[in-house]
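Undergrad: Got a structure for you, questions after.
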């Protein structure tokens with residue numbers, strides 16, 4: 001099924017930029033963006049779930065140095 005939607009020119013330009021860069025259709029771009037948003041929201045569920053005692057600061061410092 002096909003639907004027609006109205007969007008602002010700046011939104012169209014951004015969608016078109018992503019479309020070209022990724023070689024996707026507009027539908028694929030919209031699906032990609034919606035899925036990406038859902039994944040980010042799911043990750044936020046874990047925010048604050050690690051206690052300070054569980055964090056190995058030596059590993060974090062090593063990761064920062066290796067950037």
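The values are calculated or read from the model by the stated rules, or taken from the named source; none is laboratory data. Keep in mind that what you see is a predicted model, and the values were worked out from it rather than measured. Positions of Cβ are generated from backbone atoms using ideal geometry, with glycine treated the same way; all protein chains shown enter the neighbour counts.
Undergrad: Checking the condition within 15 Å of the chain's Cα centre (by Cα) and at pLDDT below 90, which residue from 39, 28, 61 passes?
TA: 39
Undergrad: Moving on. Is it the case that residue 33 is in contact (Cβ under 8 Å) with a residue 12 or more places away in the chain and either assigned to a helix (DSSP H, G or I) or surrounded by 10 or more Cβ atoms within 10 Å (Cβ to Cβ) (or both)?
TA: Yes.
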